[in-house]
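One structure is given below, encoded as structure tokens.
The values are calculated or read from the model by the stated rules, or taken from the named source; none is laboratory data. Bear in mind the structure is a predicted one, so any value in this text is a computation, not a measurement. Note that each Cβ is placed from the backbone with ideal geometry, even for glycine, and that neighbours are counted across all protein chains shown.
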Amino acid sequence: MLDPAWLFRFSGTAPPRYPEVFACLGMVIGLYGVLCLDVARRPEGGRLIAAVGLAGKVIGPIGWLLLYLRGSWPLASGVLILTNDLVWWLPFGLYLADSRRPADGEITR
């Protein structure tokens, strides 16, 4: 959010024409962090938030892959996918898998 052009400098591509869009995206991602904090505080009620989070972490890399295959984004920009998306697959996946199991003593239908 504070440096919306860092990825473009890192990957050697032209800076964004409208860096404010990337700054706004950084703000939105920061707000996702607030939601994740709420799930950590009340894990029994965070299934939907975690599912939406995981969906975004899967759809984002698909979009990046399409941009890379079209030649629009360089391979070096994939660092964003590694550090911002793929690292979350396991925690979100484990949380969602665990949230499907009934708690001790809980009656299921």
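I'd like to know if segment 15-31 contains one or more residues that are modelled with pLDDT of 90 or more, of a type in the set (Val, Ile, Thr) and surrounded by 12 or more Cβ atoms within 10 Å (Cβ to Cβ).
Filtering segment 15-31 down to residues modelled with pLDDT of 90 or more leaves 31.
Adding the requirement that they be of a type in the set (Val, Ile, Thr) leaves none.
Checking segment 15-31: not a single residue is modelled with pLDDT of 90 or more, of a type in the set (Val, Ile, Thr) and surrounded by 12 or more Cβ atoms within 10 Å (Cβ to Cβ).
Scanning segment 69-82 for residues that are loosely packed, with under 12 Cβ neighbours inside 10 Å and under 15 Å from Phe8 (Cα atoms) yields a count of 3. Here segment 43-68 is the region considered, the condition is being in contact with a Leu (Cβ under 9 Å, 6 or more places away or on another chain) and free of Cβ contacts under 8 Å to residues at least 12 places away in the same chain, and the residue that is surrounded by the most Cβ atoms within 10 Å (Cβ to Cβ) is Tyr68. Within segment 67-99, the set of residues being assigned to a helix (DSSP H, G or I), hydrophobic (A, V, I, L, M, F, W, C) and closer than 12 Å to Leu7 by Cα comprises Leu75, Ala76, Val79, Leu80, Ile81. Taking (1) loosely packed, with under 14 Cβ neighbours inside 10 Å; (2) touching a residue at least 60 places away in the same chain (Cβ under 8 Å) in turn, Val34 satisfies each apart from (2).
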